[in-house]
1. Just checking, does region B:45-62 include any residue being assigned to a loop (DSSP other than H, G, I, E, B) and among the β-branched types (Val, Ile, Thr)?
2. Restricting to region B:290-324, and then to whatever is touching a Pro at 6+ places or on another chain (Cβ under 9 Å) and either within 13 Å of B:Ala232 (Cα to Cα) or not assigned by TED's automatic domain parsing to the domain that holds B:Arg239 (or both), can you tell me which residue is modelled with the highest pLDDT?
3. Failed condition for A:Ser83, given (1) more than 14 Å from chain B (Cβ to nearest Cβ); (2) closer than 21 Å to B:Glu27 by Cβ; (3) in contact with a helix residue (DSSP H, G or I) (Cβ under 7 Å, 6 or more places away or on another chain); (4) not basic (Lys, Arg), with all others met?
4. Might you let me know whether region A:4-16 holds any residue that is hydrophobic (A, V, I, L, M, F, W, C), modelled with pLDDT of 90 or more and either buried (at least 16 other Cβ atoms within 10 Å of the Cβ) or over 25 Å from A:Gly92 (Cβ atoms) (or both)?
5. Considering only region B:49-92, how many residues are away from chain A (no Cβ under 14 Å), touching a helix residue (DSSP H, G or I) at 6+ places or on another chain (Cβ under 9 Å) and not aliphatic (A, V, I, L, M)?
6. Going by the conditions given, is A:Arg75 of a type in the set (D, E, K, R), within 12 Å of chain B (Cβ to nearest Cβ) and farther than 25 Å from B:Gly70 by Cα?
7. Of the conditions (1) under 18 Å from B:Ala35 (Cβ atoms); (2) within 13 Å of chain B (Cβ to nearest Cβ); (3) touching a residue at least 24 places away in the same chain (Cβ under 8 Å), A:Tyr53 satisfies every one except a single condition; which number is it?
Amino acid sequence: MTNSDAIENVILELRRGVIVLAALSLLDEEQYGYSLMKRLSECGLEVEQGTLYPLLRRLEGQGLLASSWRIEEGRPRRYYVISQAGREALPGLKAEWGGIVGMMGKVLSK
Amino acid sequence: MKDLIEAYIIEVGRQLPSQGREDVQKEIRSLLEDALEDRSRESGQAVDDAMKVAVLKEFGAPDQVAANYGAVNYLVGPKLYPAFLQVAKIVLPIIAVLALIGMGIRLGQLGQPGYAAGGLVKMLEIGWEAILGLGTSVIQVFGTLALIFAILERTLPRVEQKDEKTWDPHTLEKVEGPDQVGFGEPVFEIVIGLLLLAFLNLYARYLGAGYNAEGGWVLGFADQNGWVMLPALTEQFFRFVPLMNVAILAEIGLNLVLLRKRAWTPATRWLNIGIHVLRIGIVVAMLVGPSLLALDAQMLIDSGGFTAETVEVVMNLLSQMLRWVLIVVIILSGVEIAKTVWRLLRK
């Protein structure tokens, strides 16, 4: 592994860490996987598709998201939306994120 | 030719567990169609193979995508792998030693009546055959072990994953506690038990002594070309097989319980005593009962394949070996009973 590969991996790991919070936050309104990826991209968060879609299924398995299949434009799409448990968890996760940003600010300024 | 998208979905699905596979494949198909439609709209071009390739490359290599969907398949998992290595490290050297002994016997027979003449070429030939035989045996035994551990991996009771809050350091194995049971020993005994069951029920009937037209003899299984094999064990021996099966199955059951509890209890200690008493009973009955060896000196001489001298050596070797194996089993079981009773009384 070259040095630039290692740095790229670290950046990917950092991004993966924030996808959960970003996805939960944006899935306040129902969206299918591809549209969520486009919205994240519009916000500047480029996510690997192979990472995002399995993550949505895991979050659903953990009860934080709900999903349903719907036929649209003649073909099936799976829509995801934040569940009641996800809504209850979101404020706490946002507060945790605020804490992390503040803490990292202090760590990186030293 | 298969469509690229369909080929990709099939390839990902091939690596996914069967449970939920169709649903994941359906979702991936839907996501890829969304991506293609979006790309086609943005570029103003119809979907073609180049566009499909670009979308699939962005989606990721099939094995990586399958892994992200949680498809981690293995024959022997991290929990059982150390025990697998432990058993392999014991069994494989035994196979190598047996192969060396076999090669030594064949080299020693060179030049004797009924055997090929000695010489460097013949010795090298025997050495080469021993290496080939050893290679085949190692692969067979390694494959059998992998199969047994793969079955154990899927049948042993799952140990619950403990998280940081529920994990208690007191549950760690205490090094000196006589009641504590490690992981390797029960797994080792289960594997040995299964191998013994396989031998007794599938292979024991084929064990025998063989002779060939040139007057050479061999001990082994009756599947060697050019050799006439005479069975080694009597029906008297096979009368004990059901009882031996019961003892072995009970021991496997005991070891499964020990794996689950990871500690000896009075109940499992009594069961252990019971199994060893049964084992001693079987072995004593074997020792005092009619002969277990089907090979009869006169029969071997009459077969014309063996000289009187060879018969004497073979019969002596076999009867002594069998007798000593049985005596050693009685001694080991006696020691185990004494140890277990002492631990029960001490408690």
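The values are calculated or read from the model by the stated rules, or taken from the named source; none is laboratory data. What you are looking at is a predicted structure, and each value in this text was computed from that prediction instead of being measured. Here the Cβ positions follow ideal geometry from the backbone for every residue, glycine too, while neighbour counts run over all protein chains shown.
1. Yes, some residue in region B:45-62 is assigned to a loop (DSSP other than H, G, I, E, B) and among the β-branched types (Val, Ile, Thr).
2. Ranking the qualifying residues of region B:290-324, first place goes to B:Ala294.
3. (3)
4. The answer is no, given that none of the residues of region A:4-16 is hydrophobic (A, V, I, L, M, F, W, C), modelled with pLDDT of 90 or more and either buried (at least 16 other Cβ atoms within 10 Å of the Cβ) or over 25 Å from A:Gly92 (Cβ atoms) (or both).
5. 9
6. yes
7. Condition (3) is where A:Tyr53 drops out.
Yes/no matrix, rows are residues, columns are (1) under 30 Å from B:Pro266 (Cα atoms); (2) touching a residue at least 60 places away in the same chain (Cβ under 8 Å); (3) surrounded by fewer than 16 Cβ atoms within 10 Å (Cβ to Cβ):
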{"position": "B:Leu278", "(1), (2), (3)": "yes, no, no"}
{"position": "B:Val283", "(1), (2), (3)": "yes, no, no"}
{"position": "B:Leu287", "(1), (2), (3)": "no, no, yes"}
{"position": "B:Asp296", "(1), (2), (3)": "no, no, yes"}
{"position": "B:Val311", "(1), (2), (3)": "no, no, no"}
{"position": "B:Met315", "(1), (2), (3)": "no, no, no"}
{"position": "B:Ile331", "(1), (2), (3)": "yes, no, yes"}
{"position": "B:Val341", "(1), (2), (3)": "yes, yes, yes"}
